[in-house]
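Enquirer: Structure provided below as structure tokens; questions to follow.
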Amino acid sequence: MHALLVEDDDRMAQALTTALAQRGHTVRRAGRALDALRYVHAAEFVLLDLGLPDLDGLELLRRLRTVCDAPLIVVTARCEERDIVQGLRAGADDYVVKPFRMNELMARIDTVRRRTGAAAARDTDGGGRPVCTGDVEIDIAGRTVTVAGAEVRLTRREFDVLAFLAARPAEVHSREEILDRIWGDAFLAASRSLDVHVAGIRAKTGRAELVRTVRGFGYQLGTDNRGERR
């Protein structure tokens, strides 16, 4: 794997580069946002610090997501809930707060890599035909969502959650099941990652009923016809 490390602190960058190299990865470091935008096209994975000298890290994350769909983990000292929620909504696949245990970060990287790209598409594949509910069409194979004929851009994680529910629309899925299939870790149930991504789906589609909450258990695709396939 070729990783892009966006980190302006030399000591932290050296520690992360060494840990990644020991696991067989190649690393390109960028200490500034402009360098990150220049190098990201070749990256297969991104580790992003938010405290950069030339641009706020959350703004950089939004810009990176317009040109790159590689798995991305935010690694930062910002620990406020608002920052975490904004990072996840902007497209981060995970959010790790400094200080952290290196082995835990490496495990998170492995988990995110397993659950993105082709593996995530296979996990959420519902047979290749679009799933329709009301004026919403979810094309699982094409990884697109349209509302009233207009395409809606979801982050990769948001789409993975919606596609997983759409693949089996008649079923109610527990939080643990969704977290295990999409994040690879059912024990993330104490985190707000899933709730943030569900809120993002509802807000971006403008259809609050598209994902139905089953209180105390999990979520289901919200539809009267249980996901008619075309």
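Enquirer: Quick check: Cα centre of region 133-181 to Cα centre of region 193-216, how many Å?
Expert: 10
Enquirer: Still on this structure, I have one more. What longest region of the chain stays clear of chymotrypsin sites (Phe, Trp or Tyr not before Pro) that DSSP places outside H, G, I, E and B and that have at most 14 other Cβ atoms within 10 Å? Please list the in-between numbers first.
Expert: Details: sites that count: PHE100, PHE217.
The longest uninterrupted stretch comes out as 101-216.
Enquirer: Normalising by the residue count of the chain, find the relative contact order in percent from Cα pairs under 8 Å and 6+ residues apart. Please report the intermediate quantities before stating the final value.
Expert: Numbers: 402 pairs, mean separation 33.0, N = 230.
Reported relative contact order: 14 percent.
Enquirer: Just check the chain against the gyration tensor rule for me: Cα atoms, a ≥ b ≥ c as the square roots of the eigenvalues, rounded for a/c under 1.5, and otherwise prolate or oblate depending on whether a/b exceeds b/c.
Expert: Details: a/c = 2.02, a/b = 1.86, b/c = 1.08.
Cα axes put the chain in the prolate bin.
Enquirer: Now, a different point. Under the definition of Cα pairs under 8 Å and six or more residues apart, what whole-number percent is the relative contact order of region 1-95?
Expert: Details: 161 pairs, mean separation 25.5, N = 95.
Relative contact order of region 1-95: 27 percent.
Enquirer: Continuing with this model, one more query. Over the chain, average the accessible area per residue using a 1.4 Å probe and give it in Å², no decimals.
Expert: Details: 10860 Å² over 230 residues.
Per-residue accessible area for the chain comes out at 47 Å².
Enquirer: Using a 1.4 Å probe over the heavy atoms of the protein chains, calculate the carbon and sulfur portion of the accessible area of the chain as a whole percent. All intermediate terms of the calculation are to be shown ahead of the outcome.
Expert: Numbers: 5140 of 10860 Å².
Taking all protein chains in place, the chain shows 47 percent carbon and sulfur surface.
Enquirer: Here's a follow-up. Count the net charge of all other residues whose Cβ sits under 10 Å from the Cβ of VAL74, scoring Lys and Arg as +1 and Asp and Glu as -1. Walk me through the numbers on the way to the answer.
Expert: Numbers: positive: ARG78; negative: ASP49, ASP83, ASP93, ASP94.
Local charge sum for VAL74: -3.
Enquirer: Protein chains only, probe 1.4 Å: how do LEU179, LEU37 rank by accessible area, largest first? Provide the component values of the computation, followed by the final result.
Expert: Numbers: LEU179 0, LEU37 45 Å².
Result of the area sort, largest leading: LEU37, LEU179.
Enquirer: List the residues, sorted by chain then number, that are 5 or more residues from VAL96 or on another chain and whose placed amide H is less than 5 Å from its amide H.
Expert: VAL74, VAL75, THR76
Enquirer: Let me ask something else. Roughly what angle does helix 156-167 make with the longest principal axis of the chain, taking Cα atoms, 0 to 90 degrees, to the nearest 10?
Expert: Tilt relative to the chain: about 30 degrees.
Enquirer: Just to check I understand the Karplus step: with θ = phi - 60° and J = 6.51 cos²θ - 1.76 cosθ + 1.60, what whole-Hz values come out for region 202-212, glycine and proline as x?
Expert: Per-residue couplings from phi come out as 5, 5, 6, 7, x, 10, 4, 8, 5, 10, 8 Hz.
The values are calculated or read from the model by the stated rules, or taken from the named source; none is laboratory data. Just so it is clear, the structure is predicted and the values come from calculations on it, not from any experiment. Cβ sites come from the backbone with ideal geometry, for glycine too, and all protein chains shown count toward neighbours. Heavy atoms of the whole protein, side chains included, go into the accessibility calculation; ligands, DNA and RNA do not. Shrake-Rupley method; radii C 1.70, N 1.55, O 1.52, S 1.80 Å.
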